[in-house]
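The values are calculated or read from the model by the stated rules, or taken from the named source; none is laboratory data. As the structure is a prediction and not an experimental result, all values here were calculated from the model. As a convention, Cβ positions derive from the backbone with ideal geometry for all residues, glycine included, and neighbour counts pool all protein chains shown. Areas reflect the complete protein model, heavy atoms only, side chains present, ligands, DNA and RNA absent. Shrake-Rupley method; radii C 1.70, N 1.55, O 1.52, S 1.80 Å.
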Amino acid sequence: MNPISEKFNAEDIEKKWYDIWMDNDLFHSEPDSREPYTIVIPPPNVTGILHMGHMLNNTIQDVLIRRARMEGKNACWVPGTDHASIATEAKVVAKLKEEGINKSDLTREEFLSHAWQWKEKHGGIILEQLKKLGASCDWKRTRFTMEEALYESVIDVFVDLYNKGLIYRGVRMVNWDPKALTALSDEEVIFKEQNSKLYYLKYKIENSEQFICVATTRPETIMGDTALCVNPTDERYTHLKEKRVIVPIVGRVIPIIFDEYVDKEFGTGALKITPSHDINDYNIGLKHKLDSINIFNDDGTLNQNGLQYEGLDRFVCRKIIAKDLENAGLMVKTEDYINKVGFSERTLVAIEPKLSLQWFLNMKDISTKALDVVEKDIIKFHPPKFKNTYRHWMENIKDWCISRQLWWGQRIPAYYLPNKEVVVARNEKEALEIANRKFPEENYTINDLKQDEDVLDTWFSSWLWPISVFDGIRYPNNEEINYYYPTNDLITAPEILFFWVARMIIAGEIYRNDIPFRNVYLTGIVRDKQGRKMSKQLGNSPDPIKLIEQYGADGVRVGMLMSSPAGNDLLFDEAYCQQGRNFSNKIWNALRLVKGFVVEDIPQEKSSDIAVKWINTKINQAILSIDEDFSKYRLSESLITTYKLIWDDFCSWYLEIIKPKYQQPIGRKTYNETLDIFEKIIKILHPYMPFISEEIYHLLKERANDDFIMISPRVKYREMDEKILEDFSLMEEIVSAIRLFRNEKAIPLKNKIEVLIKNNEVFNKDLSDIIIKLCNAEKISFIDTAPSRTIPIMVRTLEMYIPLNIAINKEEEIKKLEEDLKYYEGFLTTITKKLSNEKFVSSAPKNIVDNERKKLSDTNEKISSIKEQLSILK
């Protein structure tokens, strides 16, 4: 075996082992007789590069999948990317523009050719970056939402839902993105508070000098006004029934209508109605049969209905028309006003409510089961607080606008006929067959069919992801879908709980009559240490790849997990990654220490024998805690337990106990047991820190070519010796107290001291050798009474004494003991008072009362001991 390098070289070791894992096909899964454990990756946008959110999400997934492998399960982690219609099309359009090409100058096929070229060049970047993190995905199963099988699955589902009467086409008020030039679903709109203005405008009453004052935040939309509405109970306006008003600047006469929707307390209690550009106005317009006048082009500029403002951007128009209204004497006043404005999640521009002919999916009838399975914990959310958010969304669900005015995506399989009818089919051939079956007299040909120009919402492919990655839509009874579905755990962010999670549950119920996953682990938002959300604009988001280069993948994984309890935001600080790197170095140095021992066939020291028993019990204790944490998805807590086991118990205590004296050998039995213990702890460590654990696994012992830690059985819990844990806990406190004494008295460690311990049944004398070794004591003697000329040390109720053959400050010792005595006497008064309260003693739980009585007994012992020590010193 080659000598172990002085420093842990993360970069070289990470590349070496990832290549070996890949060469040995260790990430790949095929259906077999084992229990499956399946995770499907939340597919990142094909436009994306790795950011901190991806780092957190995929580290958690990798921890779960690696643990499942070591549990003997057939672990399958399916990777892939999402075609991201809006984002990708925007990237391709921008690239073409740089080359002097406008999208409008290209045919659909030409544009898609450019899009596919862009995807092939840039689309795999994020997946390659995930490999640097150590992600053990089954890369042979990598899927893409626009690949043939998944594309066809989306089309099949559209056709099926249309034939079931759940998909329909109609004119509805939609959220329009003037930059992306497409409709958006309600869930793709983010509402932000804006500092706006309320404009108070004069609407003159027809054939009168009187006017009604109307408050609006959008004076640029007055060209689309088709009514003025007031509340029928508002006495200010009851005399105006059957009257009409004149739209300012426009000059159009519109009716005054009455509807209880109007809030009498808002503004002036009068509302201008613009059915084409406000969802509430649209609903009032339907109710009162009002005309709708569209005044905007798709890009947010005013069209021919905008009169003299035609061609102006909507926000430019707002400023100009406000001045024109003021100059015409039609503006009463303006007021500052804070309101919420909807913005496109993708392009971050203000959306425009717009009447548009779109395709919709009826959600109400297909959502009931999706709510029930979460309410009944058939699917469990971690943390469960998100059930309330989910319930609110599902109980207020609206029809899903599934069409997008783009070219990159799954094209809607609807075909329009010359007779104005529409047929929906998987392809042209089937569409033609349906058309001629429905209208035999027309004798249509392929050339008579005109396919819908729009594509489907990206989420309409993503909602099928757990099914379509196993081809379960096209082939619902294939071996893989029957084996891997439902998946086990989904790791995702709360902000797409409805976008994606809810819809996958709905799709699972429709197409598998089963849930798509059993648990949903919801990560928090990665924020900087000031609590700000990380973003490019703030410049507070570090480059994950640079972090890996600086701290190693294992170090970064530890840094992310240490501070990321489920559902809570992560306040990221680079110091966490530094802590992770330091942890790697600590483990590496422990390996170098152990492998540097000179081993001989000598009897095992008693202290080493006890230490071996103790550390194995600590390992069992840690496993019990870790298993419980995993059952509750407390991954951060499980890592902290592992960290303490290795850093504190193994490195700081165990190795110090069994380490031979300088230039002395270690017994073979202790050495071999230490290698076994080291192997156990790195197996526990492996899911969190895969690279260093695999490297050490192979450096500890000679291994067969097919022996890897990542597929070795994980360490399982065995019965614990509680007594040895209690004994060691006291021993650790004794050692710490003696070391503190040395430090306070400036006694060098090389100088031996004698330790006297008053006989006490709580102390296990078998641990004396360990105390002698760790404290460099001459010997430990056990006594029945406190000796003279000694310095007392108290550990719990155990009394220890150091003989006065060393220089000490007697006055300081007396002062310290008197301060301790004052504290414990005050504490005794408090406990005595509590136990004298008959109400407390009779009503408090027995264990609490017993605990207080034990405190009383222990405190009396401490006071007695301190007084005894003072009498010796005085």
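Some points to look at:
- The equivalent ellipsoid that matches the C-alpha gyration tensor of the stretch 321-425 spans semi-axes of 38, 29, 13 angstrom, in descending order.
- Solvent-accessible area, 1.4 Å probe, carbon plus sulfur percent, for the stretch 308-452: 49 percent
- Tail beyond 37 Å, pair distance distribution of the chain (Cα, percent): 62 percent
- Area accessible to solvent at S712, 1.4 Å probe radius, in Å²: 10 Å²
- Note on the stretch 568-627: percent of Cα-Cα distances in each 5 Å bin, starting at 0 and stopping at the bin with the largest distance, equals 4, 12, 9, 15, 21, 16, 10, 6, 4, 2, 1.
- P(r) for the stretch 110-150, from all Cα pairs and a bin width of 5 Å, is 5, 18, 23, 24, 16, 9, 3, 1 %, short bins first.
- Kirkwood analysis of the Cα pair distances in the stretch 18-114 returns a hydrodynamic radius of 16.6 Å.
- Applying a length cut-off of 24 Å (Cα extent along the axis) and a mean Kyte-Doolittle floor of -0.5 to the DSSP H helices of the chain leaves 52-70, 606-631, 668-685, 722-744.
- Two-decimal log10 I(q)/I(0) for the stretch 607-652, as the Debye equation yields it once each C-alpha is a single scatterer, q = 0.13, 0.22, 0.25, 0.31 Å⁻¹: -0.30, -0.71, -0.84, -1.06
- The accessible surface of the stretch 716-874, taken with every protein chain in place and a 1.4 Å probe, is 49 percent carbon and sulfur.
- Using only alpha carbons, the stretch 684-837 has a radius of gyration to Kirkwood radius ratio (Rg to Rh) of 1.16.
- The orientation-averaged shadow of the Cα convex hull for the stretch 243-369, equal to a quarter of the hull surface, comes to 11.2 nm².
- Bridgeable aspartates and glutamates around K121 (alpha carbons under 20 Å apart, same-chain partners fewer than 8 residues away excluded): D82, E89, E98, E99, E109, E110, E147, E148.
- The share of Cα pairs per 5 Å bin across the stretch 302-379, counted from zero up to the longest distance, runs 3, 9, 10, 14, 14, 13, 9, 7, 5, 6, 5, 3, 1 percent.
- The stretch 389-446, Cα convex hull volume normalised per residue, Å³: 146 Å³
- Counted residue by residue at 0.36 nm each, then reduced by the alpha carbon distance between them, the extension gain from E744 to S535 reaches 70.3 nm.
- Over 24 Å between alpha carbons, listed pairs K661/K765; K659/K750; K243/K264; K131/K380; K164/K287; K773/K854: K131/K380; K164/K287; K773/K854
- Backbone geometry of the stretch 35-46 corresponds, through the Karplus equation with coefficients 6.51, -1.76 and 1.60 at θ = phi - 60°, to 3J(HN,Hα) couplings of 5, x, 10, 10, 10, 9, 5, x, x, x, 4, 5 Hz, x marking Gly and Pro.
- Solvent exposure ordering (accessible area, 1.4 Å, most first) of M223, M173: M173, M223
- Lysines with Cα under 20 Å of K323, excluding same-chain neighbours fewer than 8 positions away: K197, K202, K204, K272, K333
- Within the stretch 743-787, the ratio Rg/Rh, alpha carbon atoms throughout and Rh by Kirkwood, equals 1.00.
- Cα Rg, Dmax, the stretch 126-214, angstrom units: 25.3, 78
- Residue-level accessible surface for D324, protein heavy atoms, 1.4 Å, Å²: 50 Å²
- Take I772: with every protein chain present and a 1.4 Å probe, its accessible area is about 50 Å².
- Partners of K816 within straight-line reach, counting lysines whose Cα lies under 20 Å from its Cα and excluding those fewer than 8 residues away in the same chain: K745, K862, K867, K874.
- Solvent-accessible surface ranking, highest first, for E14, E193 at 1.4 angstrom: E193, E14
- Separation of the stretch 612-687 from the stretch 386-451 is 61 Å, based on Cα centroids.
- Surface analysis of the chain yields an accessible area of 47 Å² per residue, using protein heavy atoms and a 1.4 Å probe.
- Summarised as an ellipsoid, the stretch 519-670 has semi-axes of 38, 19, 9 Å, derived from the eigenvalues of the Cα gyration tensor scaled by 5 and square-rooted, with the largest first.
- Highest-first packing order for the peptide set 797-803, 180-186 is 180-186, 797-803, based on the mean count of other beta carbon atoms within 10 Å.
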